[in-house]
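To start, the structure under review is shown below, and the notes come after it.
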Amino acid sequence: MKYTYLLINVLTVFFPVVLSFDKRVHFYKSWKFIWLGMAITGLFFLFWDVLFTIKGVWSFNSHYIIGLTFFNLPLEEVLFFLTVPFACIFIHACLGYYVKWQIDNRLTRIISNLMIMLSILALIFYYNHLYTAVTFGVLLVLTGLLQYVFNPSWLNRYYMTYIVALIPFYIVNGILTSVPVVMYNNSQNLGKRVGTIPVEDHFYLMALLLMNIGFFEYFRNKRREPVT
């Protein structure tokens, strides 16, 4: 039982790693564009994670972790910010290769505007719920910057990646929250769940992917720029 969370991490990343060597996608060649962005994003979210653990926003069931901790976080939780982003960036790369259709730029702007408005409303009405406020605050800043400041060409594909990533998200988070491996303090969130998964987790994932994919695309496109 104590290896439950560790096993979830291993299974999350196993197939993306193996399939990285697919002769068509060649995702392993893009690994070098992942690590720095994943490190920056991981440090940001780990700081957030440590703070939330200290504040009692969530906690970890000692029956399902091996017991190694870093700054009050189980080793498995630290690995989570490597395995999940890696798997989702793999999905993003595969969609870029296999799916030529993309969401229209106007629809992308509409989705971004909806996320911005939803985030503002969440901050207005639920500012006193720490998980809710921080999640939507981060999502508001990231979405606003990317849509209206940087306006990257990959943003429409990001939304497609997010939709597809919800499938493994429901499997992984469903296990983590139903066992439960991760336990949430409902006084710090909306208290609303999709099955056993807090509503905020969906938008936490959105912000996590937005940063990771943003850095991945930045470093990958920077490498492609011609030397003048």
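Each 10 Å bin, from zero up to the one with the longest distance, holds this percent of the alpha carbon pairs of region 85-132: 22, 26, 33, 18, 2.
Of the options Leu107, Asn156, Asn173, report the single residue whose Cα projects farthest towards the positive end of the charge dipole of region 72-207 (beta-carbon charges: Lys, Arg +1; Asp, Glu -1). Going by the charge dipole, the pick is Leu107. Between region 164-217 and region 81-147, the alpha-carbon centres lie 13 Å apart. What fraction of the Cα pairs in region 13-111, stated in percent, has a spacing above 16 angstrom? Beyond 16 Å sits 66 percent of the P(r) for region 13-111. The smallest convex shape that holds all Cα atoms of the chain, its convex hull, gives 131 Å³ per residue. Taken over the chain, lysine pairs spaced eight or more positions apart, or on distinct chains, with alpha carbons under 21 Å apart number 6. The separation of region 1-30 from region 32-67, counted between C-alpha centres, amounts to 19 Å.
Scaling against 2.2 N^0.38 Å puts the C-alpha radius of gyration of region 64-149 at 1.45. Computed over the chain, relative contact order equals 29 percent, with contacts defined as Cα pairs under 8 Å that lie 6+ residues apart. A 1.4 Å probe, protein heavy atoms only, puts the accessible area of Leu130 near 50 Å².
Select from region 155-228 those trypsin sites (Lys or Arg not before Pro) which occupy a DSSP coil region and have at most 11 other Cβ atoms within 10 Å, ordered by residue number.
Filter output for region 155-228: Lys192.
Using +1 on the beta carbon of Lys and Arg, -1 on that of Asp and Glu, and nothing else charged, what's the dipole of region 1-146 about the Cα centre, debye to 20? So the dipole magnitude of region 1-146 works out to roughly 440 debye.
When each of the peptides 133-144, 55-66 is scored by how many other beta carbons lie within 10 Å of its residues on average, the order from highest to lowest is 133-144, 55-66.
Per residue, how much accessible surface does region 164-228 expose to a 1.4 Å probe? Answer in Å², no decimals. Working shown, then result.
Numbers: 3160 Å² over 65 residues.
I get 49 Å² per residue for region 164-228.
Surface composition of the chain: carbon plus sulfur atoms contribute 70% of the solvent-accessible area (1.4 Å probe, protein chains only, all chains present).
The values are calculated or read from the model by the stated rules, or taken from the named source; none is laboratory data. This structure is a prediction, so every number in the text was calculated from the model and none was measured. In this analysis, Cβ positions are derived from the backbone assuming ideal geometry, glycine residues included, and neighbour counts consider all displayed protein chains. The protein model used for the area step is the full one, side chains on, heavy atoms only, and it has no ligands, DNA or RNA in it. Shrake-Rupley method; radii C 1.70, N 1.55, O 1.52, S 1.80 Å.
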